[in-house]
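> Dropping the structure in here first, questions after.
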2 protein chains.
Amino acid sequence: MTNRQITIAELPTDALTPAHFKQVESAMPEAGEGEVLLRVILMSIDAANRSWMKGATYRAAVQAGDAMPTYAICEVVQSNSPKLAVGDIVEAEATWSDYITAKAHKVQKLPKVDRLSHLMSVYGIAGKTAFHGLMSIGKPMAGETVLVSAAAGSVGGYVGQIAKALGCHVVGIAGGAEKCQWVQDELGFDACIDYREAGLSKALKAACPNGVDVYFDNVGGKILERALNFMNEQGRVVCCGAISQYDTDNPTGPRNLPGVLVVKRLKMEGFIVMDFAHNDAKCIRAMQHWVSTGQIKVTEDIVEGLENAPAALIGLLAGDNKGKRLVRVAADPV
Amino acid sequence: MTNRQITIAELPTDALTPAHFKQVESAMPEAGEGEVLLRVILMSIDAANRSWMKGATYRAAVQAGDAMPTYAICEVVQSNSPKLAVGDIVEAEATWSDYITAKAHKVQKLPKVDRLSHLMSVYGIAGKTAFHGLMSIGKPMAGETVLVSAAAGSVGGYVGQIAKALGCHVVGIAGGAEKCQWVQDELGFDACIDYREAGLSKALKAACPNGVDVYFDNVGGKILERALNFMNEQGRVVCCGAISQYDTDNPTGPRNLPGVLVVKRLKMEGFIVMDFAHNDAKCIRAMQHWVSTGQIKVTEDIVEGLENAPAALIGLLAGDNKGKRLVRVAADPV
C-alpha cells in the first residue's frame, strides 16, 4: 500500500504554476512511539501557503523537495498513544498527502459534527481569522463603515457578515462582476466594488459616503493604498494578509505609508489567528449564534481530490474561489 | 509702524527653496473685539510645516500668498478681552510675523518661566510629542530595545532620553558622523547609526542584537522599510512623521508593508500631539522630574531673526539641526 504526496518540485520566483509541484508515491508512513497514523480528509487551501514559499514567516520556509504543508482535518487510523483512539477526528499540521504521521500531543482532537468541513470554514481557520481580527483589532461599532477586501474569499465573507450582524455599513472589494453580485446578494453586503473595473477611488467614495472606520485588508498593495485614502480619523486597519504581494518577487509598498497614519491617526495591526486561541470558545459561541439566526451563511468551495490541490491553490491566488476553499482527500467517516 | 511677515510666494512641488518665500511689510494689524495683539517671541520650526504645503492634513492646506503658519510663543501687547492682560505670555497658532492678532479664547496662557524657549522644547511640542507617542503608543518596558530615527532632531532626542530613563536599550539613527557622536555622547544613547553610511541593515543588526521592540519613526521611506525588518514579534511602530517624504512629490512606500505586520504581528499607529492634551500635566511632571535628575538634557537650536525663518525650515528638512529648532523673533520680556 502506497501513500500519495504532492511535493515542491521547484520554489517559485514569480507566479505559481503546476510545474512547481510534483506528485510522488511513497511507502505508507509508520507511526512511532507516541505517534498516530492519520488519514487526511480535508485540507485547507490558503493564500498563506504561497507566502510560506517565500521564506521564513511565522513558520520555517518551505523548501524544494518538501511535501507541501497544510492544515488538515484527519481521522486517526492507528494510534500508539493513549491520548487518541482509532476513529478520532483531529486537526493537524499535515502535508498534501493521503496519510501522515504526527506526534499525538501535537494534534488537536475535534468534536464530532455533522459536516467536518464546517470545522475549517465557519468554525475553523476562516471564521476564527475573521472574528478575531475584526473584533480584537478592528473593534467595529454599529453605525460605522467596515470595508473588506477579498470579500468573496474565505475570511472576507465572514468579516462582512459579522460586521453586518453588528450593525455596520459593510462594503466589500472583490474581483469580477459576478463575484461582487454574489457578495451582495448571498452574503448581504451593502455594496461590493469590482477592483478590476476602472475608478476604484470613485467607487469607494460612492459606496462609503461617511468614509471608512475599519478596513480589513487581505490584499495589500494598490488596494490598500487607495483604501487608506478613505479612512476616517482614528480608523483601524486590520492587516490579515497581502495576497497581492505573495505571488511576486517585486512587491509594491503603499506610497501613502506612513504619512497617512500620522495625518489621520490610524492604527494598522497585523495578526495571526493562533494569537487569539484563548478567545476561540467565545468566537465559536458567537458564530454558532449568528449561523442559527441566519445572519451568517456558511460559504465553502470544496475541490475534490488530492491531485487537484496545486490547481486549487493556483486558482485561489488568482481569486477564482467563493468562500473557504478546501481540498477533499477522503470522504467524511460515517 | 509696519509689520514684517513672511508669506508663501509659490507652493513647492519638490524640494523647498528660499524662492518659495517672500518677506512683505504691511500695516500693523489691529485687534478687534475679543481679540488681542501679540508680539511674536519664538516660533517653532517643524518638519510638519513642509507637510502643510502639500495639501490638507489635520489642518487646512497652506496656499500661495498666505503668511506661513507656525506655533509661537507671544507676548500680549494690547488686549480687547478681559481674559488676557498686557504682558501675558501665550501660545498661539500664529504666522511668520512680528505681530499678529488672535481671538483671546483661541490662545493659551503660559506660566512665567525663566526661559520661554523651554515651553517649546522640553515642556512644549517637542517634549510632549516624544512623551505621548512613546508612552501611549510605543509602551516601552525596561530591557526592551527602542529604535528612534531623526535621533538628533527635536523629538527623537527626547524619545531616546525618556527610553533610557525607563531602562531600555536605546539606538538612534541620524545623518552624519558628528551628529551621531553627539547623540551618543550628549544624549546618552547606547548607539547611533549614520544612515548616510552604507550598510544600514548591518549596523542595525549590530546595534540591536535582541531585535527592536519599539521603533519611533520620524522619517518613513527606506529607513522605515529597513527598521521593520528588525522588529520583534508584537513590536510597536510609533508613526510620528515622515520627513523623508515631505519634501518631494514622489513618495516611496516601504515595500514590506503590510506583509511584515502580519508575519510579526506588529502594530503601527500614527498620532498628533494634540490628541493627548488630556495627559499633558502628567507629561510635564515626568519631564520636570527627569530634567531635575539630569536624565534629560534640554536640547535647543535657536536661529535668530524672523528673516531667517525660511532658511531655518529648509535647513531642518536637510537635517542640519541638533535638538528643537526655534526662530527667535523678539527677546524674552524681562
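> Would you check which residues across segment B:45-57 are among the polar types (S, T, N, Q) and more than 10 Å from chain A (Cβ to nearest Cβ) and list them?
B:Asn49
> Taking only pairs six or more apart or across chains, which ones have beta-carbon atoms under 8 Å, a first residue in segment B:278-293 that is farther than 10 Å from B:Val122 by Cα, and a second residue that is among the polar types (S, T, N, Q) and part of a helix (DSSP H, G or I)?
So the pair list comes out as B:Asn279/B:Ser136; B:Trp290/B:Gln161.
> Give just the number: which of (1) part of a helix (DSSP H, G or I); (2) within 20 Å of B:Gly220 (Cβ to Cβ); (3) within 14 Å of the chain's Cα centre (by Cα) does B:Phe131 not satisfy?
(2)
> Mind listing just one residue for me: the one in segment B:1-33 that is farther than 24 Å from B:Ala318 by Cβ and small (Gly, Ala, Ser) and, of those, surrounded by the fewest Cβ atoms within 10 Å (Cβ to Cβ)?
Once the filter is applied, the top-ranked residue is B:Ala27.
> Could you say whether any residue in segment A:183-202 is farther than 24 Å from A:Ile137 by Cβ, in a strand (DSSP E or B) and acidic (Asp, Glu)?
yes
> Ok, one more. Report those strands (runs of 3 or more DSSP E) wholly inside segment B:221-334 carrying at least 2 residues which are farther than 28 Å from B:Gly55 by Cβ and more than 10 Å from chain A (Cβ to nearest Cβ).
Strands (runs of 3 or more DSSP E) meeting the threshold: B:231-239, B:300-304.
> Can you name every residue in segment B:309-334 that is under 13 Å from the mean Cα position of the chain (by Cα) and of a type in the set (A, V, I, L, M, F, W, C)?
The answer is B:Leu313, B:Leu316, B:Leu317, B:Leu326.
> Further question on the same structure: Would you say B:Ala60 is modelled with pLDDT under 95 and within 14 Å of chain A (Cβ to nearest Cβ)?
yes
> Can you pull out the residues in segment A:189-236 that are out of contact with any Ser or Thr (no Cβ under 8 Å at 6 or more places or on another chain), buried (at least 17 other Cβ atoms within 10 Å of the Cβ) and among the acidic types (Asp, Glu)?
A:Asp190, A:Asp194, A:Glu225
> Among the candidates B:Gly127, B:Gly157, B:Gly176, which residue alone is in contact with a strand residue (DSSP E or B) (Cβ under 8 Å, 6 or more places away or on another chain), over 20 Å from B:Asn229 (Cα atoms) and buried (at least 24 other Cβ atoms within 10 Å of the Cβ)?
Step by step, each of B:Gly127, B:Gly157, B:Gly176 is checked, and only B:Gly157 is in contact with a strand residue (DSSP E or B) (Cβ under 8 Å, 6 or more places away or on another chain), over 20 Å from B:Asn229 (Cα atoms) and buried (at least 24 other Cβ atoms within 10 Å of the Cβ).
The values are calculated or read from the model by the stated rules, or taken from the named source; none is laboratory data. None of the values given here were measured: they were computed from a predicted structure. A quick note on method: Cβ atoms are made from the backbone with ideal geometry, for glycine too, and the neighbour counts reach across all protein chains shown.
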